[in-house]
Amino acid sequence: MFLQCRKKAAVLLSATVLASPVVADSVTNAAGKVFDHTYVSVPPIGEDQTQVVYYRMKEGVQRKGAAHVYIDREFHSGLLPGGYSVFCLAPGSHTLGAYLDDTPEYKGKRSDLYQATLQGGKTYYLRVREDGNTFPQPVAREEAERELVASRNQVHAISRASGVEACRHYEYLVDESRFKRYELSSDVLFASDASARRDIPEAGLKAVRSLINELREDHAQVRHVQVVGHTDPIGDEAKNQLLGQARADTLRDLLIAGGIPDSLVSATSAGNREPVVFTCYGNRAQQTACYAPNRRVVIKVELGKPVER
């Protein structure tokens with residue numbers, strides 16, 4: 001909970017450790033991009049680091065410009081509406097905040113500094129305030145992840161915060177029993193270049209209905225459903241990224257139409273970056289048939305702990 005003062009405040013942020021097999025965003029920029037992929041749940045962090053998800057709501061924005069995020073008086077990112085950044089730091093005391101209308105004075109480097117004590121092994125969800133206050137607003141994980149659905153990783157600026165570290169995630173921290181994984185292949189779902197609801201044959205719709213029924217059985221425990229669209233490597237990589245997103249969006253819409261709460265379901269694209277089949281030869285038709293296993297949608301379901309009775 002934050003304790004506000006005029007210049008500095010000693011802060012202790014509450015947090016919930018999050019377990020998920022998905023790798024968090026790296027702290028690098030992507031040339032020519034403003035946003036990268038949509039938000040997915042971040043993995044747990046070890047005691048040797050603290051993890052922060054800093055985000056800005058898309059709704060209720062009073063200023064359309066970037067909110068400059070500073071860590072220990074050094075620029076980290078400029079969050080636009082609907083953008084987020086995930087980063088890790090050494091546990092301990094840090095100053096951090098987000099500043100609207102920061103240029104040209106860049107006041108975040110030297111004024112209205114707020115200090116936070118960040119604990120090792122914790123993940124903190126911090127929201128940019130739109131009312132002009134510069135200190136971050138801590139948010140509970142469940143609420144933050146509802147607000148982060150469809151948010152995009154902010155990648156247009158390079159972090160200059162020297163305290164930011166690459167996040168180290170350890171497999172032993174992940175409780176695999178809390179996750180279920182489903183895969184819908186091209187045999188029942190999308191043909192090459194297809195991504196719309198009308199492109200799915202009856203066999204595919206039947207498979208989706210079966211998945212929805214399973215999710216309904218686990219409804220009380222479902223905390224998050226991540227839909228990931230995959231493509232084959234044929235064609236332009238950027239177009240494949242968009243195609244994978246379109247496939248994931250279509251499946252997300254079907255799950256929501258089937259009764260899964262939209263706040264629980266996120267959709268993202270792996271494009272052609274996670275192939276099952278790596279090398280195919282022959283003409284276009286032969287390659288399309290050979291690469292068919294790559295055209296798929298993977299659904300990862302995170303479950304909470306069973307309710308004790």
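The values are calculated or read from the model by the stated rules, or taken from the named source; none is laboratory data. Predicted, not measured: the structure shown is a model, and the values here were computed from it. Every residue, glycine as well, gets a Cβ built from its backbone with ideal geometry; the counts of neighbours run over all protein chains shown. Quick note on the areas: whole protein, heavy atoms, side chains included, nothing else; ligands and nucleic acids left out. Shrake-Rupley method; radii C 1.70, N 1.55, O 1.52, S 1.80 Å.
Numbers for the structure displayed
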quantity: Computed E for GLN119/GLU59 - FRET, C-beta separation, R0 22 angstrom, nearest 0.05; calculated: 0.10
quantity: Separation of the GLU214 and PHE35 label points, Cα + 7 Å toward Cβ, nm; calculated: 3.0
quantity: Ordering of 251-264, 83-96 by burial proxy (mean other Cβ atoms within 10 Å per residue, highest first); calculated: 83-96, 251-264
quantity: Sequence ranges 44-55, 152-163, ranked by mean other-Cβ count within 10 angstrom, highest first; calculated: 44-55, 152-163
quantity: Principal axis dimensions, largest first and in whole angstrom, of segment 116-260 by Cα; calculated: 54, 40, 37
quantity: Relative contact order %, segment 224-309, counting alpha carbon pairs below 8 Å whose residues are six or more apart; calculated: 44
quantity: In sequence order, calculated HN-Hα J values of segment 36-42 (Karplus, 6.51, -1.76, 1.60; Hz; x Gly/Pro); calculated: 10, 6, 6, 5, 10, 4, 8
quantity: Under-5 Å amide H pairs with ALA267, H placed in peptide plane, nonlocal only; calculated: ALA150, VAL227
quantity: Segment TYR281-ARG110, length gained on full extension (0.36 nm per residue, minus Cα span); calculated: 55.6 nm
quantity: Accessible area of segment 129-258 divided out per residue, in Å², using a probe of 1.4 angstrom; calculated: 52
quantity: Order of exposure, largest accessible area first, which applies to ARG209, ARG223, ARG284 with probe 1.4 Å; calculated: ARG284, ARG209, ARG223
quantity: Computed E for ALA196/ASP131 - FRET, C-beta separation, R0 30 angstrom, nearest 0.05; calculated: 0.15
quantity: Segment 84-196, Rg to Rh (Cα coordinates; Rh as Kirkwood inverse mean 1/r); calculated: 1.07
quantity: For segment 250-307 versus segment 94-160, the gap between their alpha-carbon centres in whole angstrom; calculated: 32
quantity: Efficiency of FRET from Cβ geometry, ALA140 and ARG168, R₀ 30 Å, rounded to 0.05; calculated: 0.75
quantity: Quotient of Cα Rg and 2.2 N^0.38 Å for segment 214-266, N being how many residues it contains; calculated: 1.34
quantity: Relative contact order of segment 201-270, pairs being alpha-carbon contacts under 8 Å that are 6 or more residues apart, as %; calculated: 41
quantity: Gain in span if fully extended, CYS290 to ASP236, counting 0.36 nm per residue against the direct Cα distance; calculated: 17.6 nm
